[in-house]
């Protein structure tokens with residue numbers, strides 16, 4: 001169990017509290033929809049997509065483990081209909097997960113056109129951000145953003161921290177300084193999952209370091225480590241065990257104090273949210289017993305006796 005002398009920031013995402021001392025609030029779970037190969041014909045699968053969003057919402061209501069949806073956008077042609085889907089079917093905040101800078105800028109423009117920047121977690125501000133994107137972010141500023149601590153020159157915990165703090169010799173400013181210049185209100189630090197053989201465990205070890213150093217909510221997407229595991233891709237019973245491993249690994253950062261988890265495909269909501277309810281109960285009980293932490297009333301600690 002951990003507690004931090006550093007003051008811990010708590011964000012209020014339309015009623016969802018994220019951050020604080022370990023165990024204080026349940027973990028924010030973020031499930032991704034419209035990822036590659038999820039649907040054969042994504043635009044013809046909106047009813048199925050709506051059902052997945054509703055299932056995640058219902059599981060959150062049953063367990064008191066909060067969740068939001070992460071909308072994956074690959075190219076400019078997808079921007080409008082995917083954002084429209086989010087605005088029409090999601091109450092409150094949602095995340096937009098966009099790998100390419102040029103596409104991220106179009107997402108910002110369309111969100112601004114729809115007057116919806118105040119509902120978005122921008123995923124992500126990272127070392128690949130170009131000057132044009134930075135300037136657009138200052139003009140069309142989302143309420144929240146993921147700061148991705150990926151450092152290809154040094155993927156140790158120290159290297160990941162330096163990308164956030166000082167730019168890690170790759171940027172003139174650290175991502176935290178850049179996000180503050182942009183005016184991001186809700187800053188979320190992602191410790192950056194890496195594959196096995198590339199200091200994968202540092203994404204977990206960085207959690208308490210980031211919490212202590214910066215005080216902002218911290219999390220990661222460790223399911224990416226499982227998805228890049230070469231042995232698993234050749235294992236004859238991969239489909240049988242993949243969801244088990246994908247779910248299990250997401251609970252590990254929370255034991256070290258993580259506040260949010262990108263758990264991967266929203267299709268895995270049942271396993272991911274229920275097992276996190278167990279982990280959250282364990283963390284809350286330990287925090288309350290050992291440190292006297294005041295646990296949120298809306299927590300599995302109380303809601304799932």
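Sort out for me the Cα centre separation of the range 18-39 from the range 149-194, rounded to whole Å. Here the answer is 20 Å between Cα centres.
Across the chain, Cα-Cα pairs farther apart than 24 Å form 51% of the total. Working note: 222 nm ellipticity from helices only, DSSP H runs with n ≥ 4, each -39,500 (n - 2.57), summed and divided by the residues of the chain, gives -13500 deg cm²/dmol to the nearest 500.
Residues 143, 230, 67, arranged from fewest to most other Cβ atoms within 10 angstrom of their Cβ, appear as 230, 143, 67. When 303, 62 are sorted by how many other C-beta atoms sit within 10 angstrom of their C-beta, beginning with the fewest, the order is 62, 303. List the residues of the range 238-274 whose backbone N lies under 12 Å from a point placed 7 Å from the Cα of residue 158 along the Cα-to-Cβ direction. From the range 238-274, the list is empty. Extent along the principal axes, Cα only, for the range 89-172: 39, 26, 18 Å, with the longest axis given first.
Projecting label points 7 angstrom from Cα along Cα→Cβ for residue 231 and residue 48 puts them 3.2 nm apart. Placing one equal scatterer on every Cα of the range 29-68 and applying the Debye formula, the log10 ratio I(q)/I(0) at q = 0.17 Å⁻¹ is -0.48. Once the chain from residue 89 to residue 198 is taken as fully extended at 0.36 nm per residue, the excess over their C-alpha distance is 35.4 nm. Kirkwood analysis of the range 15-104, using all unique Cα-Cα pairs, places the hydrodynamic radius at 14.2 Å. Have a look at the DSSP beta bridges in the chain and tell me what percent are antiparallel, nearest 5. If I count the DSSP bridges inside the chain, around 10 percent turn out antiparallel. Shown for 210, 93, 134: other C-beta atoms within 10 Å of each C-beta, ranked fewest to most, produce the order 134, 93, 210. When peptides 11-19, 119-127 are ranked by their average number of other Cβ atoms within 10 Å per residue, the highest-first order is 119-127, 11-19.
When the P(r) is computed for the range 221-305, the part past 23 Å accounts for 31% of the Cα-Cα pairs.
None of the figures in this text is laboratory data; all of them are computed from the coordinates on show. These numbers come from a predicted model, not from an experiment. Note that we place each Cβ from the backbone using ideal geometry, even for glycine, and neighbour counts take in every protein chain shown.
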